[in-house]
Amino acid sequence: MTAAIEVVNVGIIGGGLMGKEAAAAIARWPALLDHPVRPRLTAVCDVSEGALRWFERMETVTTTTTDYRDLLADDRLDVVYVAVRHDLHEQIYGDVIAAGKDLLAEKPFGIDLAAAARLLGLMDDHPEVFVRCASEMPFFPGAQEALRHVRGGGLGQVIEAHSTFSHSSDLDASKPISWKRQRKFCGDAGVMNDLGMHVVHAPFHLGWTPVSVYAILQDLVPERPDAAGALVPCDTFENATLVCSVEERGGAFPLTLGMKRIDPGQKNTWSFRATGMEGGVAFSTRYPKSVHVLRIDRGEQAWVELEMGSQSVFPTVTGSIFETGFSDAILQMWAAFLAERAGVLADRFGCVTPAEAVASHRLWTAALASFESRAAVDVPFAEHRSMGGPTVR
């Protein structure tokens, strides 16, 4: 006798690229085997009626609106996914939480540390609300294998680690300005706000909490054309390289975090690499079927390439020999979110917690101070919480 499946009604606020990806993931839900939750997309909000028309293909969607408050007033709605500009996070996320809806929030969970901390405080007033943050990259099967290798002690004492997210979408200096290239919308942290969650997700879950940071931040294109062709300030950092110190029982090790909108040769790549006294591991979404493991045996060293299949955190109908992709990772992220919400995630890899999101903002704030002072700056993190993520005082 099979266990009853919980049906969860989902609403989306923000019908752009990631809103559509979320809808597509929900539509592909039958690809998951024996998941205890079944999401049903019933409502979508976007300020653009043109964007809303795309969702007409979803048979379960009964409500489309340009006012997100219409969604929050719907008692039938259980979960809300929000993908909007960073400067809108605090207001809309706060309203979702205050309405008692569970929330899957897009990065960076507020435009800055103060906004993120206020949201965390609001959650304390609404302990019944389940909140997580979106970051799909570590849900690739190869990433999961790399993390299992680290957790299983395959590195021994850690020597160093790297986590980098790169693309080259801003390489063209004539590309028109957008909200992500303006501080008033994106935030002072710039690319760290935009890409940083992907970079710290795996390290934070491994318990690698930076205690200090030295930051090199680059504003490579100070002006871009607006819609009329006139040059206007492009005042966000496109690239950020953070050299962090992480303390473990065996001693401190360097953790290098890279977030780059201008990295020639890259399309959209997250890479993770770590080495230790007993071995190493490396994975990149650029080569999603390959995980490289460094084996050290009787003084000899060899990088071994492991060929990965399609299976990640939750099993799917896809044959195990086939490759995985970005949409598959989003499906796995949603599966993890809804499983944890239902209390059945167990020891599987989970989404970014709000405390981890606030911790990332603490790191970006310290990085900005480091850039201004041209010196290493302490990061005021508190003790760890479960899954290795830092908790915030």
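The values are calculated or read from the model by the stated rules, or taken from the named source; none is laboratory data. Only a predicted model underlies this, so the values are computations on that prediction, with no experimental measurement involved. All Cβ positions, even for glycine, are placed from backbone atoms using ideal geometry, and neighbour counts span all protein chains on display.
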Handout entry: Among the residues listed as GLY251, GLY258, the single one being touching a residue at least 40 places away in the same chain (Cβ under 8 Å), among the small types (Gly, Ala, Ser) and closer than 14 Å to MET192 by Cα
Key = GLY258
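Taking region 319-349, which residues are among the aromatic types (Phe, Trp, Tyr) and either part of a loop (DSSP other than H, G, I, E, B) or buried (at least 16 other Cβ atoms within 10 Å of the Cβ) (or both)?
Of region 319-349, the ones among the aromatic types (Phe, Trp, Tyr) are 322, 326, 334, 337, 349.
Selection gives PHE322, TRP334, PHE337, PHE349.
In the list ALA252, ALA274, which residue meets the criterion of being surrounded by 16 or more Cβ atoms within 10 Å (Cβ to Cβ), in a strand (DSSP E or B), touching a strand residue (DSSP E or B) at 6+ places or on another chain (Cβ under 7 Å) and not hydroxyl-bearing (Ser, Thr, Tyr)? Explain how you work it out, then say what you get.
On the way: ALA252 fails: surrounded by 16 or more Cβ atoms within 10 Å (Cβ to Cβ).
Testing whether each residue is surrounded by 16 or more Cβ atoms within 10 Å (Cβ to Cβ), in a strand (DSSP E or B), touching a strand residue (DSSP E or B) at 6+ places or on another chain (Cβ under 7 Å) and not hydroxyl-bearing (Ser, Thr, Tyr) leaves just ALA274.
Every residue in region 252-305 that is among the β-branched types (Val, Ile, Thr) and either within 17 Å of the chain's Cα centre (by Cα) or outside the structural domain of GLU238 (by TED's automatic domain parsing) (or both), please. If you could, list the steps in order and put the result at the bottom.
Initially, region 252-305 is screened for residues among the β-branched types (Val, Ile, Thr), giving 256, 262, 269, 275, 281, 285, 291, 293, 296, 304.
Those that are among the β-branched types (Val, Ile, Thr) and either within 17 Å of the chain's Cα centre (by Cα) or outside the structural domain of GLU238 (by TED's automatic domain parsing) (or both): THR269, THR285.
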Handout entry: Condition met for ALA27 (within 30 Å of ALA189 (Cβ to Cβ) and under 24 Å from the mean Cα position of the chain (by Cα))
Key = no
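Residue-wise test of (1) more than 21 Å from ARG341 (Cα to Cα); (2) in contact with a Phe, Trp or Tyr (Cβ under 8 Å, 6 or more places away or on another chain); (3) of a type in the set (A, V, I, L, M).
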site: ASP75; (1), (2), (3): no, no, no
site: ASP87; (1), (2), (3): yes, yes, no
site: ASP102; (1), (2), (3): no, yes, no
site: ALA105; (1), (2), (3): no, yes, yes
site: PHE109; (1), (2), (3): no, yes, no
Handout entry: Positions within region 296-318 being in a strand (DSSP E or B), among the β-branched types (Val, Ile, Thr) and under 22 Å from ALA143 (Cβ atoms), in sequence order
Key = VAL304, THR316
Fill in the blank from the handout: Sole miss for HIS205 among (1) over 22 Å from HIS167 (Cβ atoms); (2) crowded, with 19+ Cβ neighbours inside 10 Å; (3) touching a strand residue (DSSP E or B) at 6+ places or on another chain (Cβ under 7 Å) is condition (3)
Problem - Residue list for region 15-36, filter: loosely packed, with under 15 Cβ neighbours inside 10 Å, within 25 Å of VAL317 (Cα to Cα) and of a type in the set (A, V, I, L, M) - result: ALA24, LEU33
Handout entry: strands (runs of 3 or more DSSP E) lying entirely in region 37-115 (those with 1 or more residues that are at pLDDT 95 or above, basic (Lys, Arg) and surrounded by fewer than 19 Cβ atoms within 10 Å (Cβ to Cβ))
Key = 37-45
Fill in the blank from the handout: In the set ILE296, ILE330, the lone residue that is in contact (Cβ under 8 Å) with a residue 40 or more places away in the chain and of a type outside the set (Lys, Arg) is ILE330
Exercise for the section: Might you let me know whether region 210-230 holds any residue that is of a type in the set (S, T, N, Q), part of a helix (DSSP H, G or I) and assigned by TED's automatic domain parsing to the domain that holds ALA369? Expected result: no
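Conditions tested, residue by residue: (1) among the β-branched types (Val, Ile, Thr); (2) assigned to a strand (DSSP E or B); (3) within 16 Å of THR365 (Cβ to Cβ).
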| position | (1), (2), (3) |
| --- | --- |
| ALA161 | no, yes, no |
| SER169 | no, no, no |
| ASP172 | no, no, no |
| LYS184 | no, no, no |
| ASP188 | no, no, yes |
Problem - Within region 208-246, tally of residues that are crowded, with 21+ Cβ neighbours inside 10 Å, acidic (Asp, Glu) and touching a Ser or Thr at 6+ places or on another chain (Cβ under 9 Å) - result: 0
Problem - Residue check, ASP188 surrounded by fewer than 21 Cβ atoms within 10 Å (Cβ to Cβ), acidic (Asp, Glu), touching a Phe, Trp or Tyr at 6+ places or on another chain (Cβ under 6 Å) and in contact (Cβ under 8 Å) with a residue 60 or more places away in the chain - result: no
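So is SER290 in contact with a strand residue (DSSP E or B) (Cβ under 7 Å, 6 or more places away or on another chain) and either at pLDDT below 95 or basic (Lys, Arg) (or both) or not?
Details: in contact with a strand residue (DSSP E or B) (Cβ under 7 Å, 6 or more places away or on another chain): yes; either at pLDDT below 95 or basic (Lys, Arg) (or both): no.
No; evaluated as a whole, the condition is false for this residue.
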